[in-house]
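One structure below.
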Amino acid sequence: MGLINGLKASISRARDRLFADDEQKRIGIYGPPNAGKTTLANRIARDWTGDAVGPESHIPHETRRARRKEDVEIKRNGKSVTIDIVDTPGVTTKVDYEEFTEFDMEKEDAVRRSREATEGVAEAMHWLREDVDGVIYVLDSTEDPFTQVNTMLIGIIESRDLPVLIFANKIDLDDSTQQRIRNAFPQHETVPLSALEGDNMDEVYDKIAEYFG
Amino acid sequence: MPETKDPDDDGVQIDLISGERMSGMTSMEKIRMILDGVHEGNIVILEEGLSPDEESRLIEVTMTEISPDGFNGIEIETYPRAKTNDSSFLDRLMGKESANKLTVIGPANQIETLHKDETLISALVSRR
Ligand SMILES: Nc1nc2c(ncn2[C@@H]2O[C@H](COP(=O)(O)OP(=O)(O)O)[C@@H](O)[C@H]2O)c(=O)[nH]1
Ligand SMILES: [Mg+2]
C-alpha cells in the first residue's frame with residue numbers, strides 16, 4: 001500500500017517534471033444543471049479549435065458524462081495557454097426520473113437517463129477530487145446562487161486549493177444580476193458573460209489565461 | 001445505528017448525532033451511517049457536519065444508491081459559511097477552520113427546505 005502509493009507519487013512527480021514546460025492544465029467546468037456549462041464549453045472549443053464538445057439542452061442532465069476537449073490553445077496578448085476543457089454534468093444531491101417524464105419522455109427512457117445522470121454526477125465528483133487542476137464554476141445569474149449545492153461545491157473546491165473562477169452566465173437576460181453572485185462568493189473573482197450570445201468573451205479568455213495559464 | 005423505529009409507526013425519526021460520536025468514525029463510516037438512516041426515512045442531524053471531502057464522497061455515494069421508484073437522493077442543509085472567508089490553506093491544514101456547522105440530511109422525497117439564512121434553517125418534513 002505504502003510502497004505502491006510511494007511509487008505512484010514518484011511516477012507522477014517524474015511526469016510533472018517531464019511536462020513541466022508545456023504542462024497541460026485540465027480545467028473542469030462545474031455548476032448546477034442548466035447553468036450553461038455545455039454552451040460555454042462549446043463556445044470555448046469552437047472559438048479556439050473549431051469544433052464543439054457536446055449537445056446543449058434545456059432538459060436538465062443533458063450532459064450525463066464528463067466530456068473532455070483536449071489541447072484548447074487560447075492566445076492572449078502574444079502568449080498562449082493550452083488547456084483541456086472538461087464539461088461535467090450538473091452536480092445535485094437528488095435525481096428523480098419523473099423530472100424527465102415532464103419532458104415527454106417514455107418511462108424507460110427517463111429511467112435510463114436518470115441512471116446515466118446519477119453516474120455522471122458521481123463521476124464529476126470523482127474528477128473534482130482526482131483529475132482537475134482548476135475550476136470554472138458556472139452559475140445562471142437569473143437564479144439564486146445561495147444554494148446548498150453551490151456552497152458545498154465551492155467549499156470542496158476551496159479545500160482542494162484549486163484555482164477557481166466564477167462565471168455569472170446569461171447576462172443577456174433581463175432578470176440577470178451579477179451582484180447576488182458576487183455577494184454569495186466574495187472570496188472569488190466573478191466574471192459576467194453570456195455563453196449563448198458570446199457577450200464579454202474577451203474578459204473571459206483574459207481571466208482564463210490569467211488564472212490557468 | 002440507533003434502534004430502528006417500529007414499522008407500524010408513522011412518525012418521523014430524527015437522529016441527532018454528536019460531534020463526539022462522529023469524531024471516532026472514518027469518513028466511510030460516517031457516510032454509511034448517514035445514508036443508512038436516510039434510507040429508512042430518518043432525518044439525520046449532525047452536530048458538527050462533514051468535511052468538504054466527506055461532503056464530496058457523500059454526494060458520490062448517494063448517486064450510486066439512487067434507483068427509480070426507490071431512493072431518489074438526499075436533501076442536505078447547512079448554514080452558509082461566514083461571508084468573510086479569508087482562512088488560508090495553512091489554517092485549514094492546522095484545523096483552525098473547523099467543519100463545525102450543524103448539518104441536516106434527509107430523504108429528498110420527504111424533506112423540503114422552506115427557508116434558510118445564516119442563522120436559521122426551516123424545513124418541512126413529511127411522512128412517507
Ligand atoms: N439566455 C441565455 N441562455 C443560455 C445561456 N447559456 C446557456 N443558455 C441556455 O440554457 C440552457 C442550458 O444550457 P446548457 O449549456 O445545456 O446547460 P448545462 O446543463 O449547464 O450544460 C440551454 O437552453 C441554453 O441555450 C446564456 O448565456 N443566455
Ligand atoms: Mg451540460
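Hey, which of the strands (runs of 3 or more DSSP E) in the stretch B:21-128, taking only ones fully inside, have at least 3 residues that are within 10 Å of chain A (Cβ to nearest Cβ), at pLDDT 85 or above and crowded, with 20+ Cβ neighbours inside 10 Å?
Here the list reads B:74-78, B:103-107.
Tally the residues that are among the charged types (D, E, K, R) and assigned to a strand (DSSP E or B), restricting the search to the stretch B:10-20. Can you show your working first?
Let us first name the residues in the stretch B:10-20 that are among the charged types (D, E, K, R), namely B:10, B:15, B:20.
Within this subset, residues satisfying the condition of being assigned to a strand (DSSP E or B) are B:15.
Summing the residues that are among the charged types (D, E, K, R) and assigned to a strand (DSSP E or B) in the stretch B:10-20 gives 1.
I'm told A:Val111 meets every condition in (1) at pLDDT below 95; (2) surrounded by fewer than 16 Cβ atoms within 10 Å (Cβ to Cβ) except one. Can you identify the failing condition by its number?
Checking A:Val111 against (1) at pLDDT below 95; (2) surrounded by fewer than 16 Cβ atoms within 10 Å (Cβ to Cβ), the one that fails is (2).
Counting just the residues of the stretch A:44-58 that are within 15 Å of ligand 1 (Cβ to nearest atom), surrounded by 15 or more Cβ atoms within 10 Å (Cβ to Cβ) and not charged (D, E, K, R), which one comes out nearest to the other protein chains (Cβ to nearest Cβ)?
Looking at residues that are within 15 Å of ligand 1 (Cβ to nearest atom), surrounded by 15 or more Cβ atoms within 10 Å (Cβ to Cβ) and not charged (D, E, K, R), I get A:Gly54.
Any chance you could count how many residues in the stretch A:60-71 are in a loop (DSSP other than H, G, I, E, B) and more than 8 Å from ligand 1 (Cβ to nearest atom)?
Matching residues across the stretch A:60-71 total 3.
Would you point out the residue of the stretch A:75-129, among those that are touching a strand residue (DSSP E or B) at 6+ places or on another chain (Cβ under 7 Å) and at the interface with chain B (Cβ under 8 Å from one of its Cβ atoms), that is nearest to A:Ser159 (Cα to Cα)?
A:Leu128
Yes or no, residue by residue, for (1) touching a residue at least 60 places away in the same chain (Cβ under 8 Å); (2) under 26 Å from A:Ile181 (Cα atoms):
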{"site": "A:Gly50", "(1), (2)": "no, no"}
{"site": "A:Arg76", "(1), (2)": "yes, no"}
{"site": "A:Arg112", "(1), (2)": "no, no"}
{"site": "A:Arg129", "(1), (2)": "no, yes"}
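What is the residue count in the stretch A:163-203 for residues that are buried (at least 17 other Cβ atoms within 10 Å of the Cβ) and under 19 Å from A:Val132 (Cα atoms)?
Residues flagged as buried (at least 17 other Cβ atoms within 10 Å of the Cβ) and under 19 Å from A:Val132 (Cα atoms) within the stretch A:163-203 amount to 5.
The values are calculated or read from the model by the stated rules, or taken from the named source; none is laboratory data. As the structure is a computational prediction, the values presented were derived from the model and not from experiment. All Cβ positions, glycine included, derive from the backbone under ideal geometry; neighbour counts span all protein chains shown.
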